[in-house]
Every structure is written in C-alpha cells, then in structure tokens.
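The numbers here are math on the coordinates, done by the rules we state, and not lab data. Keep in mind that what you see is a predicted model, and the values were worked out from it rather than measured. Here Cβ is always computed from backbone atoms with ideal geometry, including for glycine, and neighbour counts include all displayed protein chains.
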Amino acid sequence: MSLVAGRVLDLGLLGYERAWQVQLDLVAQRQQGDGLDTLILVEHPHVITLGRKQKALANVLGPGDVPVIEVERGGDVTYHGPGQVVAYPIVALREGERDLHRFLRNLEEALIRTVAALGIGGAGRRDGATGAWVGDKKIASIGIACRRWVTFHGVALNVSTDLAYFHRINPCGFPSSVMTSLQEILGQSVPLSVVKPLLVRHMGDVLGREFAKDT
C-alpha cells in the first residue's frame, strides 16, 4: 500500500481529559472521512487510567492525590506523568489493515525501533504482555481503542518518568518493580525533544503513514 498522508499534533503538557477530548473529536472527523490521520504527542500531568480489563480497578493500590480515570481503551491500569512521551495514533484503517492484533504488534515495533535508536540493545516483546520490554523490564505500555475502524489511545514510553509513581498501582497487573525508563537504563537524562522525532519516524514507517509536523 502507498503511504497515507498524516500529521503530527504535539500538544505539549496537557491534562489527560482535555487530550482525550481532542482524540474523540479527531476520531469523529475521521469516521466521516474528514481530516487526516493524526499522531498526537502529549505529556500528561500525573494521572492513573483504567482500561476495560475486568480486574483493572483491583490493581489500583493507593492513588493518593493522583486522579484515576476510567477510559474505553483495552488493557489494565497504567500511570502517565511528566517525563513520559505519550503518542495517540488517530488512524482510519484501510482495507487490508483491519487487524487490531497486527496494529498492536506494529505499535510495539515502533517502540522497539525507537528504543534501539537511542542506544538500548535487546528491546523486544514478551509473550502475553503487550508493550515494549528490555530484558525483564517494561519500558513502554500500549492500550488502544477502535471505533468503526478508527484507532485512538495508544502508547506511553517512559523517558525520564518518576518510576516511584508506579508504586501506586500494579501496572498492567505486574508489580511496579517491572517498570523502567530510558533514563534508568542509560544512566543519563534524554530530552523529550530527542525522543519524539524518532518515535514519529518509526510510527510512520510501521503504520504506512507520512506523519508531517502540523503547522
């Protein structure tokens, strides 16, 4: 298939619920055949989100002052916060692309390539556990939704995330100690401005989209 034109919408630091509404508005547009496929990039203030998995709420241990929001994505509980690159691909899947398991594997592949491009070897998948892993540590989480073959929600890559916040949950049903970040592995900080274009490039490659920066 030929590449589909798309755009990147970088929302900077934005509250979860506001970014969620942006997603829903774009999904509605794409369902009507309007607009372009869009890769949203965003960094959220501290928030815990619950997916559709039945036991998600049981994996919230003690949120404290962090809000907990239930959403329509697949998966369990996760945390978003400063120092994390979150990417939401709002993509109208074409004939031949309408396989959500393959779509998830493509998102994993984009994350694996991004992590490798930043100098971390051995990134890969783990059977039965969606996301990107480095050895026995999880560096990125994935949870998507799809309405009338338009995807939303997406991926969260831990860059310089404060991993202590994961102690408030069992992330995706795992103990919090499973989570890691680029900073923890590399032993140095990595600017989000370095990570974002790599993720955009690899997302475009695996999804067959040409995501251009929105001007």
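The figures follow:
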| read-out | value |
| --- | --- |
| FRET E, pair SER2, LEU186, Förster distance 45 Å, beta-carbon r, rounded to 0.05 | 0.75 |
| Folded to 0 to 90 degrees: helix 100-117 orientation relative to the chain principal axis, Cα | 70 |
| Likely footprinting exposure, LYS137, LYS55, fewest C-beta neighbours within 10 Å first | LYS55, LYS137 |
| Pairwise FRET efficiency - TRP149 versus ASP65, Cβ, R0 = 35 Å, nearest 0.05 | 0.35 |
| Expected 222 nm ellipticity per residue - DSSP helices of 4 or more, -39500 (n - 2.57), all of the chain, to 500 | -8000 deg cm²/dmol |
| At R0 = 30 Å, FRET efficiency that the Cβ-Cβ distance of ALA28 and ALA129 yields, to 0.05 | 0.40 |
| Proximal charge balance of ALA28 [Cβ under 13 Å; K/R count +1, D/E count -1] | +1 |
| Values of log10 I(q)/I(0), in the order q = 0.09, 0.12 Å⁻¹, for the chain under a Debye, Cα-only, solvent-free model | -0.31, -0.57 |
| Dipole-positive endmost among THR130, GLY96, VAL178 within the range 4-213 (Cβ charges, Cα centre) | GLY96 |
| Packing-based exposure ordering (other Cβ within 10 Å, fewest first) of LEU50, LEU13, LEU100, LEU199 | LEU13, LEU100, LEU50, LEU199 |
| Gaussian network model of the chain, Cα within-10 Å springs - most flexible of ARG18, ARG105, ARG52 | ARG18 |
| Net charge contributed by nearby residues that have their C-beta within less than 12 Å of VAL85 (K/R +1, D/E -1) | -1 |
| Rounded to the nearest 20 debye, dipole of the chain from Cβ charges on Lys, Arg, Asp, Glu | 340 |
| GNM flexibility winner over the chain from SER181, SER141, SER193 (Cα, springs under 10 Å) | SER193 |
| Computed Kirkwood radius, in angstrom, where 1/r is averaged over Cα pairs of the range 1-51 | 12.3 |
